[in-house]
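For reference, the structure is listed below as structure tokens.
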Amino acid sequence: MPKITLYITHSLIADDLLLKDKNVVVIDVLRTCTSITVALQNKAKEIIPSESVAKAAKLKRGTGETLLCGEKNGKTIPGFNLGNSPYEFKESIIRGKTLVFCTTNGTVSIVKSRLAKNCIIGSFVNINKVVDFLSTIKEDIIILCAGKQNNFSLEDFICAGAMIKEIMKIVGSDYYELNDAERSALTLSECLVYADNNIIPEKVQRLLHSTEHGKYLRSLRFYEDIDISAGVNTYPILPILYKDVIKLKEQIDFEISQRQQMKKIDLSGKSKENKV
Ligand code: MLT
């Protein structure tokens with residue numbers, strides 16, 4: 001019986017090899033995973049996650065086509081082009097650009113998952129897209145909540161619980177083995193954001209405005225960010241980390257098939273040359 005394993009904060013992953021060759025969903029509702037999804041929907045070319053400001057600066061390619069994005073204590077990192085506010089990632093600003101991202105918990109969690117077989121970027125705004133993909137895998141799943149400063153974050157935990165519930169709606173409630181953390185997330189999400197077996201956006205919005213990090217973002221007047229992050233399936237796309245870069249799954253699949261095509265053409269060219 002495959003199982004779902006939930007980590008309530010990335011600091012529980014002491015060794016990145018723990019996630020090697022695994023199916024990992026990284027959740028950071030406020031705000032990293034939401035911002036990444038909004039940015040790709042608004043036609044950013046790609047997102048490069050970084051676990052430190054210094055590394056992010058190194059990753060910034062010399063061209064104007066790369067923007068440095070990120071936060072420290074929720075505010076834009078000095079010298080960076082943009083912060084981590086989904087409200088900022090407007091198409092007019094980021095279209096066709098590479099965004100190098102550095103955030104306190106979200107990008108650290110994503111970089112820790114770089115050895116995963118599948119590393120999926122998840123939040124409420126793309127929850128069904130994530131669940132649809134996971135339900136096709138039918139293997140063990142790891143849900144990695146970014147958390148808050150190595151601590152528990154309620155919004156990530158509830159989003160994880162909702163993902164488990166939505167997966168079970170598709171594959172059946174006894175398909176996956178769940179332990180205490182997973183069952184707790186499932187039950188609490190049913191209490192806090194569900195009615196009639198459906199996620200209620202107004203309940204998600206109320207929750208996000210009331211959590212520790214939600215209240216902190218309110219103190220910084222990031223009200224729109226919280227409302228955007230509370231959207232349910234409002235950005236139905238699937239960002240995936242592949243070779244240290246986040247792109248849409250469709251884009252990655254297309255690039256892989258292109259490369260295979262090229263290889264085939266190359267090989268057939270070589271075999272023709274050998275015959276001559
Ligand atoms: C994080 O990665 O820690 C959060 O997304 C921080 C934030 O932008 O609020």
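The values are calculated or read from the model by the stated rules, or taken from the named source; none is laboratory data. All figures in this text were calculated on a predicted structure; none of them were measured in a lab. Neighbour counts are summed over all protein chains in view; Cβ atoms, including those assigned to glycine, are modelled from backbone coordinates with ideal geometry. All accessible areas refer to the heavy atoms of the entire protein, side chains included, with ligands and DNA or RNA removed. Shrake-Rupley method; radii C 1.70, N 1.55, O 1.52, S 1.80 Å.
Taking the stretch 88-106 as the region of interest, how many residues are over 20 Å from Y216 (Cβ atoms) and open to solvent by 10 Å² or more (accessible area, probe 1.4 Å)?
Within the stretch 88-106, residues that are over 20 Å from Y216 (Cβ atoms) and open to solvent by 10 Å² or more (accessible area, probe 1.4 Å) number 7.
Suppose the filter is in contact (Cβ under 8 Å) with a residue 12 or more places away in the chain, β-branched (V, I, T) and either part of a helix (DSSP H, G or I) or away from the ligand (no atom under 16 Å from the Cβ) (or both); does V125 pass it? For V125, the condition - in contact (Cβ under 8 Å) with a residue 12 or more places away in the chain, β-branched (V, I, T) and either part of a helix (DSSP H, G or I) or away from the ligand (no atom under 16 Å from the Cβ) (or both) - is met.
Looking at this structure, is N197 modelled with pLDDT under 95, farther than 19 Å from I27 by Cβ and surrounded by fewer than 18 Cβ atoms within 10 Å (Cβ to Cβ)? Considered against the rule, which asks whether it is modelled with pLDDT under 95, farther than 19 Å from I27 by Cβ and surrounded by fewer than 18 Cβ atoms within 10 Å (Cβ to Cβ), N197 comes out as no.
When the stretch 70-87 is filtered for residues that are within 12 Å of the ligand (Cβ to nearest atom), surrounded by fewer than 15 Cβ atoms within 10 Å (Cβ to Cβ) and part of a loop (DSSP other than H, G, I, E, B), only N73 remains. Residues of the stretch 176-194 being among the charged types (D, E, K, R) and open to solvent by 80 Å² or more (accessible area, probe 1.4 Å), which ones? Across the stretch 176-194, the qualifying residues are D180, R183.
For the condition open to solvent by 30 Å² or more (accessible area, probe 1.4 Å), modelled with pLDDT of 95 or more and within 22 Å of I120 (Cβ to Cβ), E250 qualifies. Residues in the stretch 129-157 that are within 15 Å of E182 (Cβ to Cβ) and not hydrophobic (A, V, I, L, M, F, W, C): D140, D156. Taken as a whole, the structure leaves G96 outside the set of residues that are on the phi > 0 side of the Ramachandran plot, within 13 Å of the ligand (Cβ to nearest atom) and modelled with pLDDT of 95 or more. Scanning the stretch 201-222 for residues that are surrounded by fewer than 19 Cβ atoms within 10 Å (Cβ to Cβ) and touching a residue at least 12 places away in the same chain (Cβ under 8 Å) yields a total of 5. Inspection of the stretch 148-170 identifies at least one residue that is open to solvent by 60 Å² or more (accessible area, probe 1.4 Å), farther than 19 Å from G106 by Cα and not in a strand (DSSP E or B). Considering only residues in the stretch 21-52 that are part of a loop (DSSP other than H, G, I, E, B) and within 16 Å of Y242 (Cβ to Cβ), the one that is most open to solvent (accessible area, probe 1.4 Å) turns out to be K45. Checking every residue in the stretch 53-69 against the condition of being assigned to a strand (DSSP E or B), within 18 Å of I240 (Cα to Cα) and touching a residue at least 24 places away in the same chain (Cβ under 8 Å) gives zero matches.
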